[in-house]
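Down below is the structure, laid out as structure tokens.
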Amino acid sequence: MNKIVVQSVQFKASVQLEEFVKEKVSKLFEQDKSIIRADVTLFEGASGNPKNQFCEIELSVAGQNHFVKKNSESYEESILDAVKTLQKVIRRQKTKKIIRRRSF
């Protein structure tokens, strides 16, 4: 079972938003089986900034952690952007492992 912890700071996230987070972040677990857990934090930034919906995702992976912080006009966009960035990081890590194995 995927361990995804969703935390919203100074507001109550809707059930739909939490389900959206879990649906998108669970794709990361499919991409890399060594992910232990994902901590997702949603919060608002300064009120004067139009792009003030923040999403932070910290992936606990065996041997290392990955952290991404993205902001956008909506939480959904921030979540998608953060997940996309983490997918690139995971792909890069897998490529490095493959190259290391081939060099031996």
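Taken together, the values in this text are just the output of simple stated rules run on the coordinates, not laboratory data. Since this is a predicted model, take the numbers as computed values, not measurements. Glycine also receives a Cβ, built like all others from the backbone with ideal geometry; neighbour counts cover every protein chain displayed.
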Among residues of segment 18-46, those that are among the aliphatic types (A, V, I, L, M) and surrounded by fewer than 18 Cβ atoms within 10 Å (Cβ to Cβ), counted: 2
Residues that are surrounded by 17 or more Cβ atoms within 10 Å (Cβ to Cβ) and part of a strand (DSSP E or B), drawn from segment 59-88: 59, 61, 66, 68, 70, 71, 72
Among the candidates 2, 49, residue that is touching a Phe, Trp or Tyr at 6+ places or on another chain (Cβ under 6 Å) and surrounded by fewer than 15 Cβ atoms within 10 Å (Cβ to Cβ): 2
